[in-house]
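Reading through the structure tokens given below for one structure.
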Amino acid sequence: TILRKLEFARQLHNATLGSALGQLQQLRQDSDWKKACSMPKGKERTNLFKSLDRKYHLTEYDLHAVIAKHRQASGR
């Protein structure tokens, strides 16, 4: 039924959000993140933030992979 599908979508969303928030918390403890925050806006700062996103798997593609992992683990 539609209610079961919506409930599954809610659970998948929450699981993915929990994973992403955990990664974000780790990122914010990284000394490079603190360094990037204190840098003036510019190309170097942007590149450092991008590399941190890749390091902590916070890119859009990484989040799609997390969704797929949670969906597969659910057996659906």
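For the list (1) within 13 Å of the chain's Cα centre (by Cα); (2) hydroxyl-bearing (Ser, Thr, Tyr); (3) open to solvent by 100 Å² or more (accessible area, probe 1.4 Å), I need the number of the one condition that Thr1 fails.
So Thr1 meets the others, but not (1).
May I ask you to say which residue of Ser74, Ser51, Ser38 is under 23 Å from Phe8 (Cβ atoms) and of a type outside the set (A, V, I, L, M)?
Ser74
Look through Leu6, Leu12, Leu21 and report the one residue that is aliphatic (A, V, I, L, M) and open to solvent by less than 50 Å² (accessible area, probe 1.4 Å).
Of Leu6, Leu12, Leu21, the one residue that is aliphatic (A, V, I, L, M) and open to solvent by less than 50 Å² (accessible area, probe 1.4 Å) is Leu12.
The values are calculated or read from the model by the stated rules, or taken from the named source; none is laboratory data. Bear in mind that the values here come from a model prediction, so they are computed numbers and not experimental data. Cβ: placed from backbone, ideal geometry, glycine included. Neighbour counts: every protein chain shown. Calculation scope for accessible area: heavy atoms of the full protein, side chains included, ligands and nucleic acids excluded. Shrake-Rupley method; radii C 1.70, N 1.55, O 1.52, S 1.80 Å.
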